Amino acid sequence: MDRECAEPNNHPMLRRLLIAASTLAVVVVAGFSAVIAFDSPTAPPPLAAGNAIPGIAQWNFADLPKMQTLKARDGAPLNYRLYPGRPDRAVVLVHGSSGTDASMLKLAQALQAAGASVHAIDLRGHGGSGITNGDVSHIGQLDDDLADLVKGLGLDKAGVHRTLIGFSSGGGFALRIAGGKQAGLFNDYVAISPYIGQDSPTNKPSAGGWAGVAVPRVIALSLLDSIGLAWFQDLPAIHFATDAKASDRRTPVYSFRLAASLQLGRDWRGVLSRISAPTEIVVGANDELFNADQFKPMLQSVNPRIGVTIVPDETHLGMIADPQATAAIVDAWRKLAGA
């Protein structure tokens, strides 16, 4: 009898708790949705350190090889230029954030002069590769594209030594591949001034002013992705410090899923620790976006097998333009490829 009397007395309390919980859930979902919908990346003021390659006005772009295209597994075009050299010493060369293969002209020529057969590629979302400027179809699609390129270019043939070389965001992408499921695509890796992670000691705040990130949106989308919900990942997440418009020559804004496809991710330490292929990092001592002096101590604790070369007096973009810097990168490649 006591139990029967007690139960009805608890019902109003239970109803109030359920109503409160439901109200809280609605508020949380509404706030979460508002963050995703309305928080967009702000364009930082143009930054020469990430936007203007030293001496580019004097470059002869007539030296660029003819643009070639192959199709990815989804039928989308993947663009590249071939700087022919030794067919058994292949390099796939990846540009940095917002750029295209054309920005890698001087480095490609230096590697070619050293004997490499260089394939300077345009990542999906850049330079006319893919379908939409600044976007991919899903996280990890750049990894798939790279596998399609290696196969489509015939670089998977026996006797071909393959090196992946990437700059800045492309350098981070090279390390992502080296520490991921596609590590066997290449024999070795060179990362030039690579982006490691937001909380890496190598990173300056906002990459030295180069990247405007929609942090609340990125956090919200990351949480959704962590529970298997790939919702709204086409939304803009990063705006780089350039006033260039989206075109086949520039990609000023990245979607969440393009940025995530380039990066090592939150577990960047784990990715770096898994790298077993010979890998070299080359960075300029005066890099404006990253702390050059932090690469060696950071890697000493994470993966001491990865070599680090600091090039004196060099800036971030100087690494793909100045002869001293390109010579250091060529030396790193020769060391790895035995060329």
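Of all residue pairs spaced 6 or more apart or on separate chains, those with beta-carbon atoms under 7 Å, a first member in the range 113-124 that is at positive phi and a second member that is in a strand (DSSP E or B) are GLY115/ARG86; GLY115/ARG89.
Among the residues here, ILE238 qualifies as under 24 Å from ILE131 (Cβ atoms), within 17 Å of the chain's Cα centre (by Cα) and not in a helix (DSSP H, G or I). The residue that is nearest to the chain's Cα centre (by Cα), among those in the range 156-175 that are over 17 Å from PHE240 (Cα atoms) and of a type in the set (A, V, I, L, M, F, W, C), is PHE173. Just so you know, in the range 51-72 the residues that are closer than 23 Å to ILE192 by Cα and under 22 Å from the mean Cα position of the chain (by Cα) include one that is surrounded by the fewest Cβ atoms within 10 Å (Cβ to Cβ), and it is ALA52. Just to be sure, is ALA21 farther than 26 Å from LEU142 by Cβ, modelled with pLDDT of 95 or more and part of a helix (DSSP H, G or I)? No: the conditions fail for ALA21.
Checked against the criterion of being touching a helix residue (DSSP H, G or I) at 6+ places or on another chain (Cβ under 6 Å), of a type outside the set (D, E, K, R) and either at negative phi or touching a residue at least 12 places away in the same chain (Cβ under 8 Å) (or both), the candidates ILE177, ILE196 yield just one match: ILE196.
Can you tell me which residue is surrounded by the fewest Cβ atoms within 10 Å (Cβ to Cβ) among those in the range 175-199 that are within 19 Å of SER273 (Cβ to Cβ) and polar (S, T, N, Q)? Here the residue is GLN198. Selection of first residues in the range 200-215 that are part of a loop (DSSP other than H, G, I, E, B) and buried (at least 22 other Cβ atoms within 10 Å of the Cβ) and of second residues that are modelled with pLDDT under 95 and among the charged types (D, E, K, R), restricted to Cβ pairs under 9 Å at least 6 apart or on distinct chains, gives the following pairs, ordered by first then second residue: ALA214/ASP39. Would you say PHE232 is of a type in the set (Phe, Trp, Tyr) and surrounded by fewer than 20 Cβ atoms within 10 Å (Cβ to Cβ)? Yes: the conditions hold for PHE232. Does ALA246 satisfy being over 16 Å from the mean Cα position of the chain (by Cα), closer than 23 Å to ASP122 by Cβ and of a type in the set (Gly, Ala, Ser)? Yes: the conditions hold for ALA246. When the residues of the range 120-141 are filtered to those that are of a type outside the set (Gly, Ala, Ser) and surrounded by fewer than 24 Cβ atoms within 10 Å (Cβ to Cβ), which remaining residue is farthest from LEU258 (Cα to Cα)? Step by step, filter the range 120-141, then rank; the result is ILE131. Among the residues of the range 74-93, those identified as more than 13 Å from SER129 (Cα to Cα) and either aliphatic (A, V, I, L, M) or in contact (Cβ under 8 Å) with a residue 40 or more places away in the chain (or both) are LEU82, ARG86, PRO87, ASP88, ARG89, ALA90, VAL91, VAL92, LEU93.
Taking the range 134-155 as the range and being touching a strand residue (DSSP E or B) at 6+ places or on another chain (Cβ under 8 Å) and either over 30 Å from LEU224 (Cα atoms) or in a loop (DSSP other than H, G, I, E, B) (or both) as the test, the residues that pass are GLY134, ASP135, VAL136, LEU149, VAL150, GLY152, LEU153, LEU155.
ARG249: basic (Lys, Arg), surrounded by fewer than 22 Cβ atoms within 10 Å (Cβ to Cβ) and touching a residue at least 40 places away in the same chain (Cβ under 8 Å), yes or no? Yes: the conditions hold for ARG249. Inside the range 73-114, residues that are crowded, with 21+ Cβ neighbours inside 10 Å and part of a loop (DSSP other than H, G, I, E, B) make up a count of 7. Scanning the range 282-339 for residues that are hydroxyl-bearing (Ser, Thr, Tyr) and more than 30 Å from VAL160 (Cβ to Cβ), which turns out surrounded by the most Cβ atoms within 10 Å (Cβ to Cβ)? Selected residue: THR315.
The values are calculated or read from the model by the stated rules, or taken from the named source; none is laboratory data. Remember, predicted model here, so these are calculated numbers, not experimental data. Note: ideal-geometry Cβ built from the backbone for every residue, glycine included; neighbour counts use all protein chains shown.
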